Amino acid sequence: MPNYPKIKLFIDGQWRERDGDMPIVNPSNEAVLGVLPQATRRDLDDALAAAEKGFRTWRRMSPAKREQIIEKASLLARQNIDAIAHAMTLEQGKPILQSRLEVERGCDILEWDASEGRRTYGRVIPTEPGMRFLVTREPIGVVAAFSPWNFPFSSPARKIGGALAAGCSIIIKASEETPAGAMMLVQAFADAGLPEGVINLVYGRPAEISDYLIPHPTVRLVTFTGSVAVGKRLAELAGRHMKPAIMELGGHAPVIICADANVKKAATASVTGKSRNAGQVCVAPTRFFVEEPVYAEFAEAFAAGARKVKVGEGLDESCAMGPLVNARRLETIDALVSDAVAKGAKVLAGGSRLGNHGYYYPLTVLGDVPDDARAMNEEPFGPLALLARVRDVGEAVRKANSLPYGLAAYAFTDSTDTAEMIAQTIECGNLAINHFTASYAETPFGGVKDSGYGREGGVEGLGHYTITKLVSHKMSA
């Protein structure tokens, strides 16, 4: 397998090397993989100028030609899947099989967006003779995009795919902790013949880059995936400068386990869903509200499954869960578990760090977690499952809706009536019933309340990268 790649900036079709003082750390063994290059103010100015130039070229290209280039980039990424997955596992820790699946998912998104870009239809509105009302959808312009560390390839792919399919150019600030996935994706676009300036990739200190890019008049749209706190700050900055924004923020996903559900299947699915990416997923199932008659059975099955999850280095294909991304996440999970136990929660599986080298924490299941535990109110963003008893589905929905989060929610039931009731009353942007997949390439994804606004993916997501223009034409003066 290749070594970890040297990270570079990509501006106006050229790779740039820059110094930096931020180490890129392998969370499996705490070894330093490299150093993050930091964009200078001049680099950002060059990226803005390049994106403006690239937009003028790209928007005039036919949707069919844009589709060909995006699809070629996706094909090249698929052909390079082993190298991309290897680099992502080194920098982020997830099991190599999950890294490969992430590359495939990112390419699915690119291909769907590329195809949908050919269908950004307008319409003609009927009116009086001699007058025509024509509604068109045009690319909004230069996009400033900020992607997170937990999905180094698929999250940048979602933003790049939406922007480019709509005819926009993009400056993407990828994660400083997991930069290789985005860099290797951008390389695929460069090799596919993307015109210079259409994609620009920068790294550096997040606040410095966002504070410079977002207010700049060249930028016409902001898209961010990350924490609620940072999202609110960027949304405020965008609003101050009248920039529309797509905000995909944190979640604290509830799971309702109904008494009529297949409890063993629900527990098995929960182990897989909760252990994915070591629970470092904004849509990770976390708050499990279980109806009293099946609580004991579900808790026992979930805990037994959790204890069987093999935790280890991501390059070991026998491991189902890798480490947390950094020491801060390890400390946070440990503190949340201690708080919950102090308030009466029971440790059913896991509950303490594994070893003292690498950021490993087991899949942890806590039972009878009280409502006032910190973990029930703060997004853990780690391998922590919180179980609570409820009298009925109505109580479960009330508890699920009690927090300001509303990204994803899940329910397990064999009753169509119960499923419909939950669908009508749960407050979220994405509800999955009897499974744990919250989004697909062809479906819209996003949250409500503090979990953000706007959508990525699907027809709705592509629409955010366009503006609507009305042309009213009187045929004869």
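Every listed requirement among (1) in contact (Cβ under 8 Å) with a residue 24 or more places away in the chain; (2) under 21 Å from residue 272 (Cα atoms) is met by residue 334 save one, (2).
Looking only at segment 78-113, residues that are in contact with a Gly (Cβ under 7 Å, 6 or more places away or on another chain), farther than 24 Å from residue 25 by Cβ and hydrophobic (A, V, I, L, M, F, W, C) come to 2 in all. Within the span defined as segment 455-463, one or more residues are out of contact with any Leu (no Cβ under 8 Å at 6 or more places or on another chain), in a loop (DSSP other than H, G, I, E, B) and assigned by TED's automatic domain parsing to the domain that holds residue 58. With respect to the conditions (1) farther than 21 Å from residue 255 by Cβ; (2) without any contact (Cβ under 8 Å) to a residue 60 or more places away in the chain; (3) surrounded by fewer than 17 Cβ atoms within 10 Å (Cβ to Cβ), residue 468 falls short on a single one, namely (2). Have a look at 472, 476 and point out the one that is under 30 Å from residue 131 (Cα atoms), part of a loop (DSSP other than H, G, I, E, B) and out of contact with any helix residue (DSSP H, G or I) (no Cβ under 9 Å at 6 or more places or on another chain). Result of the check over 472, 476: 476.
One line per residue, one yes/no per condition, for (1) surrounded by 15 or more Cβ atoms within 10 Å (Cβ to Cβ); (2) out of contact with any Lys or Arg (no Cβ under 9 Å at 6 or more places or on another chain); (3) more than 20 Å from residue 257 (Cα to Cα):
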| residue | (1), (2), (3) |
| --- | --- |
| 360 | yes, no, yes |
| 373 | yes, no, yes |
| 386 | yes, no, no |
| 394 | no, yes, no |
| 399 | yes, no, no |
| 414 | no, yes, no |
| 429 | yes, no, no |
| 454 | yes, yes, yes |
| 473 | no, no, yes |
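Applying a threshold of 9 Å to beta carbon distances and a minimum spacing of six or more residues, or different chains, the list of pairs starting in segment 272-285 at a residue that is without any contact (Cβ under 8 Å) to a residue 60 or more places away in the chain and ending at one that is assigned to a loop (DSSP other than H, G, I, E, B) is empty.
The sole residue among 245, 229 that is among the aliphatic types (A, V, I, L, M) and out of contact with any helix residue (DSSP H, G or I) (no Cβ under 9 Å at 6 or more places or on another chain) is 229. Whenever a residue of segment 415-433 is under 23 Å from residue 454 (Cα atoms), its partners that are among the hydroxyl-bearing types (Ser, Thr, Tyr), lying with C-beta atoms within less than 6 angstrom and at least six residues away or across chains, give the pairs 432/410.
The values are calculated or read from the model by the stated rules, or taken from the named source; none is laboratory data. A quick note: this is a predicted structure, and the numbers were derived from the prediction, not measured. Cβ: placed from backbone, ideal geometry, glycine included. Neighbour counts: every protein chain shown.
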